[in-house]
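Reading through the structure tokens given below for one structure.
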Amino acid sequence: MNKRSGIRTKEKILDAAMKVFSANGYAGSNIRAIAKAAGISIGGVYLYFKNKEELYLNLIKARVQDQNRKTKEVVASAGSATDALNAFISLHIRHGISNRELILIHIREHGFTFGMEIKRRFFRSQIKLLSTILSDGIRNNEFRKCDTEETARIIMSALRGIVLSMVIDEGAVVTEKGVQDLLLRGLMTNGKECN
């Protein structure tokens, strides 16, 4: 088997695992069902993953890497720091909505600590990217001066909470534009501070 074929087979298994885990949950899924959905033998799955847990962790890692790549691409193609921040916010909200079932399964069956190091690396990379966007915006007079790392952490934490609330409560209506407007303009009017 050549390398390209191996990569395609691994991607095929991960895609099938996403469907099976989303439909049946982690506990209700097994390698046999994943192999069947991928159209390969059970032994073929075990060539790439030693067990269901390793497959699930690889699925999380692949989803996180894909989101990280997409975020960097969208931000790099933005015309301004404001556009980059808006694109960053939109991508995170859309990712949460499109991966709702997997996020729910993960929370319900594994809790927040499962795959924690993968998540930590992802959030660190996103905070670093946000800090760069904010620094660019300050340099170009789009944003006021601030502690870019702290502000990046606040934005990322807010997005995590928003996405989680949208995943848990399907009726929660939070628009990308609403989040963008609040994060970019805050609650202040005409320079007056809240008392």
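What follows draws every value from the coordinates through simple rules; no lab data is involved. All figures in this text were calculated on a predicted structure; none of them were measured in a lab. Note: ideal-geometry Cβ built from the backbone for every residue, glycine included; neighbour counts use all protein chains shown.
Would you please calculate the Kirkwood hydrodynamic radius of the stretch 61-155 over all C-alpha pairs and express it in Å, rounded to one decimal? Provide the component values of the computation, followed by the final result.
Details: mean 1/r = 0.0702 Å⁻¹.
This gives a value of 14.2 Å.
Could you give the angle, 0 to 90 degrees to the nearest 10, between helix 100-110's Cα long axis and the longest principal axis of the Cα atoms of the chain?
Computed tilt is about 70 degrees.
Using alpha carbons only, what's the Rg to Rh ratio of the stretch 5-84 with Rh from Kirkwood?
Values: Rg = 15.7 Å, Rh = 13.8 Å.
Here Rg/Rh amounts to 1.14.
Please compute, for the alpha-carbon atoms of the stretch 141-187, the extent along each of the three principal axes and give them in descending order in Å.
Between the extreme Cα coordinates on each principal axis of the stretch 141-187 lie 37, 19, 14 Å.
In percent, what relative contact order does the stretch 1-50 have, based on Cα pairs under 8 Å that are 6 or more apart in sequence?
Rounded, it is 33 percent for the stretch 1-50.
Can you grab the distance from the C-alpha centre of the stretch 22-89 to the C-alpha centre of the stretch 167-184, Å, no decimals?
Using only Cα atoms, the two centres lie 24 Å from each other.
Which values, in whole Å and largest first, are the semi-axes of the equivalent ellipsoid of the chain obtained as the square root of 5 times each eigenvalue of the Cα gyration tensor? Let's see the in-between values first.
On the way: eigenvalues 281, 70, 34 Å².
Here the semi-axes work out to 37, 19, 13 Å.
Determine the relative contact order of the stretch 51-195: mean sequence separation of Cα pairs under 8 Å and six or more apart, normalised by residue count, in whole percent.
On the way: 95 pairs, mean separation 40.5, N = 145.
Relative contact order of the stretch 51-195: 28 percent.
For the stretch 1-50, report the convex hull volume of the alpha-carbon atoms normalised per residue, in Å³, without decimals. Could the numbers behind the result be given before it?
Working: hull volume 3.1 nm³, N = 50.
Here the figure is 62 Å³ per residue.
Taking the Cα centre of the stretch 51-195 as origin, work out the dipole magnitude from +1 charges on Lys and Arg Cβ and -1 charges on Asp and Glu Cβ, in debye rounded to 20. Before the final figure, lay out the partial values.
On the way: 22 positive and 18 negative charges, 53 e Å.
In total the dipole reaches around 260 debye.
Give a quick list of trypsin sites (Lys or Arg not before Pro) in the stretch 142-185 that DSSP marks as loop, anything other than H, G, I, E or B, with at most 13 other Cβ atoms within 10 Å.
Numbers: sites: Arg144, Lys145, Arg153, Arg160, Lys177, Arg185; in loops: Arg144, Lys145.
Listed in order of number, the matching sites are Arg144, Lys145.
I'd like the Karplus ³J(HN,Hα) series for the stretch 6-15: coefficients 6.51, -1.76, 1.60, θ = phi - 60°, whole numbers in Hz, and an x wherever there's a Gly or Pro.
With the stated coefficients, the stretch 6-15 comes to x, 5, 4, 5, 4, 4, 4, 5, 5, 4 Hz.
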